[in-house]
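The structure under discussion appears below in the form of structure tokens.
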Amino acid sequence: MSLKKLNKTQRAAVETVEGPVLIFAGAGSGKTRVLTHKISYLIRQEMYKPEEILAVTFTNKAAGEMKTRVEKLLRRKDLTLYIGTFHSICARLLRREIHHLGYSSNFAIYDVQDQVSLIKIVLDRLGISKDMLKPSVAQSKISFYKNKMMSPEDVSTLANKVIERKLVDVYFGYQEALKTNNALDFDDLLVFPLVLFEKHPTILKKYQEKWKYILVDEYQDTNRPQFLFVSKLAEAHQQISVVGDDDQSIYGWRGADVRNILDFEKTFPNCAIFKLEKNYRSTQMILSAAMSVVKKNRHRAEKELVSVKGTGEKLGLIETIDEMEEADAVVSALEKEIKLNKRNFNDFAVLYRTNAQSRAMEDSFRRMGIPYNIVGGVRFYDRKEVKDLLAYLRLITNLKDTISLRRVVNFPPRGIGLKTVDKCIKQAEKTNTELFQVLADPSRMEIRGKQAEALKSFYDIVRKYHDLVDKLSAGELVRSLAEETGFINYYKQSELQEDQERLQNVNELLNSVDAYTAENPDQGLRGFLEQVALLSDIDQWNDEENRVTLMTVHAAKGLEFPIVFVTGLEDGLFPLYNSLNDPRNLEEERRLFYVALTRAKEKVFLMYATQRRRMGADYDVGLVSRFIREVPEDYLEAIPFSSALTRKVIPTTSGTTRVKITRTVTTFDDFKVGDYVEHAIFGIGKIMALSGTGENQRVGVVFKDGVKKKLIVKFANLKKIDNPVNF
């Protein structure tokens, strides 16, 4: 391994080992390179053994990349490296130590859906109406408290209003229910290690001695529990390096505190500080525009990014009438880039502030036959059929998991109704017995006939596979379970197309278990379930697919693309309304804008609409975002665009007016079968089929490379051409 490829500041940050180190790494400045070289340096210089180093980050994708790079630098794959996300590292620690807190090591990890389901049960037990306190609101509030390290006891001292006291009762009941189910939620994964460290100092000392050097990636995104976790581990030996960029701190809404990085010197006095300001990703024009906005923030560390890629092009600024025309403008710019500069679809990313904005973009992309991929849609592991089978797997590894039990006790349908389940629940509460155990003897609940047989059969199958968890390979066990429960046959027998698609998803889940087992032969089913529980949206994004990527700016963090469209740049949308009069929130919105721009390597298009439909209502008049106004005009190039729209002012019953926008009828070439045409993206093709006239005219075209497309002439912008040579 050589440090010659590092610049002067990067190399100094790598070689500084004694004492705390703070590295401010601007966007695209090579922070991952510094982290991986530092880990490799510590091992190569024999300062620390691989197993004595702990490196934590925020996504499995980032952790995997770090591990691969370190192995490549050291030319070794037999390393015992502790590189992972905060949640995965804490989960691994808890598997070993949680018995000290009265849980067993096979605890379940509940996602948000599971948490809401459990809170519904708690609300019912407490007699609290779901109209008074929505389960999803309670879940969000409890998560907020945990991120602030506030226990139910802490919250109870601050509760004054009736609703606040009700929430405290729910918080207490929820934590008790989690323990009864031998389950933890995502926030508990971060909080419980700290509880262990406080109640059992010997455990803290054990891990301080185990991990003698600590590295933290994206330190600006740490919340209170994460900050305390790494601080406590490092407080004895002070051997810690953190890397981050305060200008990219964009997760305040989920507890991240930018002060953790800005006040690092207070936590670790006499730390060495480095600033990585040489940017290897974006052009100077993009960086200067991004910096001009984020510099308006008061609470930040001063830095100046310098690009190694030269000046670059100005940022395109496109004003449109509404979100439909905005989508058309994106397609138009995308088509020109593909045609003129030979771009691929995966060179583009369309970023937006909220997920709801994707709808108009998807409509336009579908009309034009442009392949796209949405990050943050329905995840594979959140699909019903996948969650159902996962619930079976969670139940057989943890018989106390009543949320999973309730989910699958009557799926596939076996005649066990809600009344029967209620009888089982009452019997469990009456006899202080685990819910699963009461299923073994339905007669005690006066359940007879087919329902009794179904309950006993369900109990026997779950018990059988529970006993086989450590005896069969994960792949063999899951396939056998899916067959014996009737899970696969249920979808096989269905004639519904959607059920056939669900069967494909079930088979894909089985394949994913096989793949995990092949890569992790020592981990087994419990390891697979933990990996699935800790997956994020970005971990499932495949950047090798030739598709345009659509995602929120938050989801784009850490990624890069040649060309980026930033859409919806209107005050009230980006930045959001609730930040306009809140200086702290407005600063985070500015950082979000900075992150959006610095995802781009070569070009940025800034898009805003003068009117936009919100939540299915009429159009709202939009004002251009203040962030665009904060970018100097010298960095912007206005690009005119208009599509076939007409606007009509319509009076309302209240005396006000609203603008109705419709698309005009356009005239088309008189196409016929056999005509040769040219499409901006797909190139030259021949019309093989035609139907309809005017606005409804459709054509079937075979293009030169054999691609077949059905297109609506109104939107396709086809040009009739003379017979091409060698088509």
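Dipole size of segment 1-99 about its Cα centre, with +1 on Lys/Arg Cβ and -1 on Asp/Glu Cβ: approximately 480 debye, rounded to the nearest 20. Think of a 1.4 Å ball rolled over the protein heavy atoms: the chain then has 47 Å² of accessible area per residue. When the Cα positions of 128, 168, 182 are compared along the charge dipole of segment 85-207, 182 comes out farthest toward the positive end, with charges on each C-beta of Lys, Arg, Asp and Glu. Residue 163 sits among other residues whose Cβ lies under 14 Å from its own Cβ, and their net charge, with Lys and Arg +1 and Asp and Glu -1, is +3.
The relative contact order of segment 303-421 comes to 14 percent, based on Cα pairs under 8 Å that sit 6 or more residues apart. A simple count of charges around residue 489, restricted to other residues whose Cβ falls under 15 Å of its Cβ and scoring Lys, Arg +1 and Asp, Glu -1, yields -2. Under a model in which nothing but the beta-carbon of Lys, Arg (+1) and Asp, Glu (-1) is charged, segment 197-305 shows a dipole of about 180 debye around its Cα centre. Sequence-ordered 3J(HN,Hα) estimates for segment 263-272 from the Karplus curve with 6.51, -1.76 and 1.60 and θ = phi - 60° stand at 9, 4, 4, 6, 6, 10, x, 6, 7, 7 Hz, glycine and proline given as x. The aspartates and glutamates whose alpha-carbon is closer than 18 Å to the alpha-carbon of residue 161, local same-chain residues fewer than 8 away aside, are 131, 153, 169. Which of 411, 436, 351 sits closest to the plus end of the dipole of segment 323-438, meaning its Cα is farthest towards the positive end, when Lys and Arg get +1 and Asp and Glu get -1 on the C-beta? It is 436, whose Cα lies furthest towards the positive end. One Cα centroid belongs to segment 83-159, the other to segment 208-259; the line between them spans 22 Å.
Checking (i) 113, 102, 69; (ii) 81, 71, 63; (iii) 77, 59, 51 against Cα extents along the principal axes in Å calculated from these atoms, the matching label is (ii). Share of carbon and sulfur in the accessible area of the chain stands at 48%, probe radius 1.4 Å.
Take every DSSP beta bridge whose two residues both sit in the chain; close to 40 percent of them are antiparallel.
Excluding same-chain residues fewer than 8 positions from residue 456, which aspartates and glutamates have a Cα within less than 15 Å of its Cα? Of all the aspartates and glutamates, those that pass the test against residue 456 - Cα under 15 Å, at least 8 places apart if same chain - are 441, 446, 484. Projecting the Cα positions of 525, 546, 494 onto the charge dipole of segment 434-553 (unit charges on Cβ atoms of Lys, Arg, Asp and Glu, taken about the Cα centre) puts 494 furthest along the positive direction.
Does segment 432-518 classify as rounded, prolate or oblate by the C-alpha gyration tensor (a ≥ b ≥ c root eigenvalues; a/c under 1.5 gives rounded; else a/b over b/c gives prolate, otherwise oblate)?
Note, shape of segment 432-518 comes out oblate.
The shape of segment 241-366 comes out prolate: with a ≥ b ≥ c from the C-alpha gyration tensor, a/c is at least 1.5 and a/b beats b/c.
Legend: distances between Cα atoms for 266/295; 166/430; 4/72; pairs beyond 21 Å are 266/295; 166/430.
Ranked by solvent-accessible area (1.4 Å probe, protein heavy atoms only, all chains present), the residues 96, 590, 448 order from largest to smallest as 448, 96, 590. Backbone geometry of segment 15-27 corresponds, through the Karplus equation with coefficients 6.51, -1.76 and 1.60 at θ = phi - 60°, to 3J(HN,Hα) couplings of 7, 7, 10, 6, x, x, 9, 10, 10, 7, 10, x, 3 Hz, x marking Gly and Pro.
Scalar couplings 3J(HN,Hα) for segment 71-84, obtained by applying the Karplus form with A = 6.51, B = -1.76, C = 1.60 to θ = phi - 60°, are 4, 5, 5, 8, 6, 9, 10, 9, 8, 8, 9, 9, 10, x Hz; x denotes Gly and Pro.
In this structure, the pairs whose alpha-carbon distance is over 25 Å, taken from 5/67; 67/603; 31/303, are 67/603. Summing Cβ point charges (Lys, Arg +1; Asp, Glu -1) relative to the Cα centre of the chain gives a dipole of roughly 80 debye. Summing Lys and Arg as +1 and Asp and Glu as -1 over all other residues whose Cβ lies under 12 Å from the Cβ of residue 294 gives a net charge of -2. Listed by chain and number, the aspartates and glutamates placed with their C-alpha closer than 20 angstrom to that of residue 720 are 335, 669, 670, 675, 678, 695, 705; residues fewer than eight positions away on the same chain are left out. Of the cross-linked pairs 309/339; 492/704; 130/400; 141/557; 275/342; 206/464, those separated by over 30 Å at the C-alpha level are 492/704; 275/342; 206/464.
The values are calculated or read from the model by the stated rules, or taken from the named source; none is laboratory data. This is a predicted model, so every value here is computed, not measured. As a convention, Cβ positions derive from the backbone with ideal geometry for all residues, glycine included, and neighbour counts pool all protein chains shown. To get the accessible areas, we keep the full protein, side chains included, count just its heavy atoms, and leave off ligands, DNA and RNA. Shrake-Rupley method; radii C 1.70, N 1.55, O 1.52, S 1.80 Å.
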